[in-house]
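This report refers to the structure that appears directly beneath it.
Every read-out reported here was derived from the displayed coordinates using simple, explicitly stated rules and does not represent laboratory data. Every value quoted in this text rests on a predicted model; they were computed, and no experiment measured them. Positions of Cβ are backbone-derived with ideal geometry, glycine not excepted, and every protein chain shown enters the neighbour counts.
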Amino acid sequence: MTTPFLCVLIAFVLIYVPRIPLSVAMARQPGGFDNKNPRAQQAALEGMGARARGAHYNGLEAFPPFAAAVFVAHLAGAADHRASILAIAFVVARTLYIGAYLADLDYLRSAIWGIGLLCTVALFCLPWLA
């Protein structure tokens, strides 16, 4: 497995990391975890629980373009070394993004999100730069 493909797996796992504090926040609400209507319960969360939900949802949004970019770079024969650097940078950015989101560091979070987006765009463009 190439490094970029390993990064796709890691990025997929990172989607679910914020589910841990999200589930804890849901369980701490009056009545506990509402498995019959979890989305309504999540929508009512505030503070850390709401931020964890946002980080989780953003991971779901960021993953498909990143995974597609890795596949496009690979199938188009882009330089594996450059693709590896960009894929690792994306994973690092997503990891930092989750931390910044949970810590309520909105400006830092947005800057880190931008880095991840640039990595994805660069992966798409990598075949033309070779």
(Q) For the pair VAL72/VAL92, report the inter-label distance in nm, with labels modelled 7 Å from Cα in the Cβ direction. (A) 2.3 nm
Q: Lys and Arg at +1, Asp and Glu at -1: add these up for the other residues within a Cβ distance under 11 Å of MET48 and post the number.
A: +1
Q.
For the chain, set up a GNM with springs between Cα atoms under 10 Å and report which of ILE88, ILE20, ILE112 has the largest fluctuation.
A. ILE20
Q: Add +1 for every Lys or Arg and -1 for every Asp or Glu among the other residues with Cβ under 11 Å from the Cβ of PRO21, and state the total.
A: +4
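Based on DSSP loop calls and a cut-off of at most 14 other Cβ atoms within 10 Å, the longest stretch of the chain free of exposed trypsin sites (Lys or Arg not before Pro) is what? All intermediate terms of the calculation are to be shown ahead of the outcome.
Details: sites that count: ARG28, LYS36.
With a cap of 14 other Cβ atoms within 10 Å, the longest stretch comes to 37-130.
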Q: Find the Rg to Rh ratio for the range 49-130, where Rh is the Kirkwood radius over alpha-carbon pairs and Rg uses the same atoms.
A: 1.04
Q) What are the DSSP H helices in the chain that stretch 20 Å or more along their long axis, judged by alpha-carbon atoms, and whose average Kyte-Doolittle hydropathy comes to at least 0.5? A) 3-16, 80-102, 106-129
